[in-house]
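The values are calculated or read from the model by the stated rules, or taken from the named source; none is laboratory data. Computed from a predicted structure; not experimentally measured. So basically every Cβ, Gly included, is an ideal-geometry build from the backbone, and we count neighbours across all protein chains shown.
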Amino acid sequence: MRPGTGQVLHFSEDPTITRFAPRVAPTSRQAGAYVWAVDAARAPAYWFPRQCPRVLAWATPDTTDADAAHIIGPGAGSRVHAVEYAWLDRIRTVELYAYRFPAEPFEPFGEPEPYAHVSTRTVRPLGPPEPVGDLLALHEAAGIGLRVLPHLGAFWAAVTASTLGFSGIRLGNARP
C-alpha cells in the first residue's frame, strides 16, 4: 500500500473520516497544527497498528557491510522492522485504512531528511479509505524483514549506534 504519483497517504484505524483538519498531535514535538501524511518511501513505517512501538532500520550509502549484516541480517533485503511479541496478534488482526490525498497542499517535513509531509490546510481524501489488508504480507511483498522480539530496547540501542538509517515510532509504548 503506497501512494500513487502526485499523492501522499495517511494511515488510520478509523474508516469514517471525511476531512482532515490541522491539529497538534498528542505525541508531537512540534507546536504547529498539521495534517500528517507520508510519501511512498515512508509508507512502510505505518504498516502497523497506530500505537504499536516499532524500530525501523535501513541501509544507506554510508552503511557498512558489517552493520548491515549484524542488524538487518542475511535474506532480509536492505530494510528491517522490529516489533514486540506482545503486538503480533494486533498486527495480524488490525483493520488499517489508507487515505489518499493529492500531494499539492503538503510540504516535506523533517530535518536533516524529511520523514513526513504536512499541510496547514484542511484537506479531503481523494476517495474513500482503502483497507490496507494483511500487514505481514505487505512486508513480505516489499522485501522488508520483520523481526519480532521480546523487547525493543537492545535492538534500538544497536540500531542507533550503527551506520544504518533508522526511525523509532511509538517507542513510549514499548515494554521497559
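Which one is surrounded by the fewest Cβ atoms within 10 Å (Cβ to Cβ), of the residues in the range 97-113 that are assigned to a loop (DSSP other than H, G, I, E, B) and not charged (D, E, K, R)? The qualifying residue surrounded by the fewest Cβ atoms within 10 Å (Cβ to Cβ) is P112. Could you please let me know if T60 is of a type outside the set (K, R) and touching a strand residue (DSSP E or B) at 6+ places or on another chain (Cβ under 9 Å)? Answer is yes for this residue. Name the single residue that is modelled with the highest pLDDT among those in the range 37-96 being assigned to a strand (DSSP E or B) and among the basic types (K, R). Selected residue: R54. Within the range 38-81, being farther than 19 Å from F155 by Cα, more than 10 Å from the chain's Cα centre (by Cα) and without any contact (Cβ under 8 Å) to a residue 24 or more places away in the chain holds for one residue alone: P61. Scanning the range 140-176 for residues that are under 17 Å from the mean Cα position of the chain (by Cα) and part of a strand (DSSP E or B) returns G145, L146, R147, V148, G165, F166, S167, G168, I169.
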